[in-house]
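Take a look at the structure below.
The values are calculated or read from the model by the stated rules, or taken from the named source; none is laboratory data. Keep in mind that this is a model prediction, so the values were computed, not measured. No Cβ is skipped: glycine too gets one built from the backbone with ideal geometry, and neighbour counts run over all protein chains shown. To get the accessible areas, we keep the full protein, side chains included, count just its heavy atoms, and leave off ligands, DNA and RNA. Shrake-Rupley method; radii C 1.70, N 1.55, O 1.52, S 1.80 Å.
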Amino acid sequence: HAEFSAQLVGDYGNVTVMEVQGDFSQDLPDGLANSEPREQIAREFFKTHKDEYDFIVIFTNFNFPMRPGTAAFYGSVRNDTEGIGEKIFDRSSVYGSNGRLQGTIDMGNLANHGSDPLETFHYSDTLNILNHEIAHRWGARISYRLPDGSDSDALLGMGGAHWSYLLNTGGSLMYGNNWQDNGDGTFTSLKPNANFSPLDLYLMGLIDKDQVPPMLLIANPSISPEQYTDTGETISGTPLYVTIDDIIAAMGERVPNSATAPKSFSTAFIYATYPGTFNPDNLTGIESIRNGFLTRFSIQTDGQALVQVATRPPDNLPVNPGIVNPSVASRSLPADIGEGVDWLIAHQAENGSWLDSEQTVERDSAEAVSALNLFAIGTPAVAKGEQWLVAEQFNNTDYLARKIETMSQSGQPVAAYVSQLVALQNKDGGWGVSANYLSNPADTGLALRALGAIRYANAAVVTPAIDYLLTQQNADGGWGANASLIQATSNVMEALNPFRTLRDLEQPILLASNWLQEKQNSDGGFGNSPSTVYDSSAAMLALIKAGSDRQPIKNGANYLLANQGGDGSWNSSAYQTAAAIKAVYRATEDPDLVITADKLTIIPAVIDRLPMNAVISAEIVNSGRKDVVLASIVLYRGRPEAGEVIDTQQLSFPGQARVVVTFLDIISAPQPQIYTVVVDPLNEVAEQSENNNQASIVIEP
């Protein structure tokens, strides 16, 4: 057959990418297994990785011939286990491994598998296929001893490597059925449990033989044992029961037994591509499958086994430097978010969407529409983008929340989407990725942020959501499932902000604000490690809306502006460009009327006579570039919620200018007086933040 070659492209996260050429089919023309491509790939892999892997999982970006009805297949490399129906052998050296590698798993073309966790059925099917194939390392190839002393292979079905259609396995991943004995000579197949059966777990070395119960085997010669697992079928037959002792009598004891057999298996993921066809966007799908595999394998082995899937290069290889932003054409002109707006408009797809990758088109489109909504020139693109958003059916929390927040910006009806979102709320008050997923701070933050944007006031929904988020705040002040992360923390800060008038949320928001500012790097950007455009944008918007100190926000804006590309975009990404535009706009364009206690003065400084004329002065800054034509400023004696209005003035506030307003009061009482100045008390001005509009000062006698 044609010569085969494999060449390393590199490690991308936990996936190793290779370029391959030659015949990749499952079998050779003579019917023998075509093992050479798998051998070549493994040898190339072990040139740059430690020999510490039990399995290699291979995805491709192309189709290749497999046996009829095959979605994936297992290739045996080594077996050192007795009692499972497989001879002892070791071909690992041919694969570049020194007695460690046990087998390879070909999953075929990634495009043929569900890789999006939000597409629950197809994604779950992919994980089941992967776990099915890894189980072929140990099964199913066994016989059992009949009362007459002969051995039978009646436990086996499809291809002699899966359980018989007539065997009650509970509906194992290795086939068989979940049979119900109706007590009248008939049996009905119930819904399979889609886990490994006790017999599977025994063969895998995960449970002792005493934990394997007798198994129902239906005797009916007219029914083929090679049929696939089915549900809702009723058949007739004679019930037989096979015990683990019957199996051991034919196969011998499993060696090693469950006490000493390995329980943890290291697995590498390889993406094989034809030369010149590698698309890094596809790695998102493989990483998603890899992540799901970690959990699913543990669940389906009843918590008895684990897989590890991190890549481990040899000790003498250079250390990965971490996140490296894509190279972009540098700018010769000063930064200009107007050019970013032009770039977004020019990169809208014909159907109205934007996409950085197929997996993020909903997120990218919602973010682009939200950013362009800030500019009159973006109106046609916004209308087209909103049409696409309306036409798309979102059934997960992330995209549904973004859709609500984005559509509400331009006054579009969102009641139906809100009902969908509320229906996804879990009993603990939080939201998960989608229906029936565990709650997490990131999705809950997005959901509550969307509800806050439309001033949703149903306490039965909002109150438990806030309570959930408060209980999930980490000790360092941030939010994240396992550790505090900028995106999750920023989402939650923005989510809590609209409800500060209903609940005492100042302390948790302050703690989160402090944590975010600690994640600001010396270049002004924010990042969980190096600065990134997406983390910087999210952190800045959260700090702006929380009314935090302006200097970190200003430094963040400088970072974003310094990293704008020559074409006007940020990293040629619709999502990052839109996020950066919004953050810079809010930080520098939108008006923000700010008053702080250190900018309040009273003359004279103490009450030294009665009655006494007091002059209260307040310096108010409009930190945005836009002018405020007219805004109200109110002086209260005492706190606003219970104080007495002394005077109200209306002034204009030019962009990025300071305006001093002066009030006069007559003090006639010999006790301390509190004065509070409130800017725009009715929130009539659209500002970056509504949480920095009042300050108080005290004058003592």
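The table below gives the values:
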{"quantity": "Residue satisfying all of: in segment 66-76; in contact with a strand residue (DSSP E or B) (Cβ under 9 Å, 6 or more places away or on another chain) and part of a loop (DSSP other than H, G, I, E, B); surrounded by the fewest Cβ atoms within 10 Å (Cβ to Cβ) among these", "calculated": "R67"}
{"quantity": "Selected residue [closer than 23 Å to L294 by Cα, surrounded by fewer than 21 Cβ atoms within 10 Å (Cβ to Cβ) and not hydrophobic (A, V, I, L, M, F, W, C)] from N109, N98, N63, N79", "calculated": "N109"}
{"quantity": "Breaking point among (1) surrounded by fewer than 23 Cβ atoms within 10 Å (Cβ to Cβ); (2) touching a helix residue (DSSP H, G or I) at 6+ places or on another chain (Cβ under 6 Å), for G139", "calculated": "(1)"}
{"quantity": "Test: residue in segment 208-229 that is of a type in the set (D, E), farther than 25 Å from G185 by Cβ, modelled with pLDDT of 90 or more and over 42 Å from the mean Cα position of the chain (by Cα)", "calculated": "no"}
{"quantity": "Answer residue from segment 117-136, given it is in a loop (DSSP other than H, G, I, E, B) and open to solvent by less than 50 Å² (accessible area, probe 1.4 Å) and is nearest to S164 (Cα to Cα) among those", "calculated": "H136"}
{"quantity": "Test result for N555, touching a strand residue (DSSP E or B) at 6+ places or on another chain (Cβ under 8 Å), farther than 18 Å from L446 by Cα and surrounded by fewer than 24 Cβ atoms within 10 Å (Cβ to Cβ)", "calculated": "yes"}
{"quantity": "Residue satisfying condition, being buried (at least 24 other Cβ atoms within 10 Å of the Cβ), in contact with an Asp or Glu (Cβ under 7 Å, 6 or more places away or on another chain) and at pLDDT 90 or above, within set A631, A583, A578", "calculated": "A578"}
{"quantity": "In segment 459-496, residue surrounded by the fewest Cβ atoms within 10 Å (Cβ to Cβ) [restricted to those that are part of a loop (DSSP other than H, G, I, E, B) and small (G, A, S)]", "calculated": "A475"}
{"quantity": "Residues of segment 343-366 satisfying the condition of being assigned to a helix (DSSP H, G or I) and not charged (D, E, K, R)", "calculated": "W343, L344, I345, A346, Q359, T360, V361, S365, A366"}
{"quantity": "Options G411, G445, G429, G452: the member that is touching a residue at least 24 places away in the same chain (Cβ under 8 Å) and on the phi > 0 side of the Ramachandran plot", "calculated": "G429"}
{"quantity": "Selection count where residues are out of contact with any Phe, Trp or Tyr (no Cβ under 8 Å at 6 or more places or on another chain) and crowded, with 16+ Cβ neighbours inside 10 Å, scope segment 13-38", "calculated": "1"}
{"quantity": "Top-ranked residue of segment 558-575 - restricted to ones that are crowded, with 24+ Cβ neighbours inside 10 Å and aliphatic (A, V, I, L, M), ranked as nearest to E518 (Cα to Cα)", "calculated": "L560"}
{"quantity": "Hits in segment 657-672 (condition: of a type outside the set (G, A, S) and exposed (fewer than 15 other Cβ atoms within 10 Å of the Cβ))", "calculated": "R658, V660, T662, L664, I666, P670, Q671, P672"}
{"quantity": "Only listed residue being closer than 30 Å to E589 by Cβ and in contact with a Leu (Cβ under 9 Å, 6 or more places away or on another chain), chosen from A401, A459, A435, A376", "calculated": "A401"}
{"quantity": "Every residue from segment 586-612 that is more than 29 Å from S537 (Cβ to Cβ) and either touching a helix residue (DSSP H, G or I) at 6+ places or on another chain (Cβ under 6 Å) or surrounded by fewer than 14 Cβ atoms within 10 Å (Cβ to Cβ) (or both)", "calculated": "A597, D598, I603, P604, A605, V606, D608, R609, L610, P611"}
{"quantity": "Residue within segment 506-526 that is within 22 Å of G452 (Cβ to Cβ), open to solvent by 60 Å² or more (accessible area, probe 1.4 Å), not in a helix (DSSP H, G or I) and not basic (K, R) present", "calculated": "no"}
{"quantity": "Close pairs from segment 111-131: first farther than 22 Å from P280 by Cα, partner at pLDDT 90 or above and surrounded by fewer than 17 Cβ atoms within 10 Å (Cβ to Cβ), Cβ under 6 Å, at least 6 apart", "calculated": "I129/A71"}
{"quantity": "Residue that is within 24 Å of V584 (Cβ to Cβ), touching a residue at least 12 places away in the same chain (Cβ under 8 Å) and acidic (D, E), where the choices are E392, E367", "calculated": "E367"}
{"quantity": "Segment 663-678: number of residues that are of a type in the set (S, T, N, Q) and part of a loop (DSSP other than H, G, I, E, B)", "calculated": "2"}
{"quantity": "Test: residue in segment 679-686 that is open to solvent by less than 10 Å² (accessible area, probe 1.4 Å), part of a loop (DSSP other than H, G, I, E, B) and in contact (Cβ under 8 Å) with a residue 40 or more places away in the chain", "calculated": "yes"}
{"quantity": "Meets criteria (open to solvent by less than 30 Å² (accessible area, probe 1.4 Å), of a type outside the set (D, E, K, R) and touching a helix residue (DSSP H, G or I) at 6+ places or on another chain (Cβ under 7 Å)) for I41", "calculated": "no"}
{"quantity": "Failed item, numbered, when I207 is tested on (1) crowded, with 17+ Cβ neighbours inside 10 Å; (2) part of a helix (DSSP H, G or I)", "calculated": "(2)"}
{"quantity": "G185 being more than 34 Å from the chain's Cα centre (by Cα) and crowded, with 19+ Cβ neighbours inside 10 Å", "calculated": "no"}
{"quantity": "Filter result (part of a helix (DSSP H, G or I) and open to solvent by 40 Å² or more (accessible area, probe 1.4 Å)) within segment 194-204", "calculated": "P198"}
{"quantity": "Selection within segment 634-656 - open to solvent by 60 Å² or more (accessible area, probe 1.4 Å), in contact with a Leu (Cβ under 9 Å, 6 or more places away or on another chain) and within 17 Å of I620 (Cβ to Cβ)", "calculated": "T648, Q650, S652"}
{"quantity": "Verdict on G566 being on the phi > 0 side of the Ramachandran plot, more than 25 Å from the chain's Cα centre (by Cα) and touching a residue at least 12 places away in the same chain (Cβ under 8 Å)", "calculated": "no"}
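Residue-by-condition table, conditions (1) farther than 30 Å from Q507 by Cβ; (2) in contact with a strand residue (DSSP E or B) (Cβ under 7 Å, 6 or more places away or on another chain):
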| residue | (1), (2) |
| --- | --- |
| A642 | no, no |
| D647 | yes, yes |
| V659 | yes, yes |
| A669 | yes, no |
| I697 | no, yes |
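Each row is one residue, and each column tells you yes or no for (1) of a type in the set (A, V, I, L, M); (2) in contact with a helix residue (DSSP H, G or I) (Cβ under 9 Å, 6 or more places away or on another chain); (3) over 29 Å from S439 (Cβ atoms).
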position	(1), (2), (3)
S490	no, yes, no
L505	yes, yes, no
D535	no, yes, no
K554	no, yes, yes
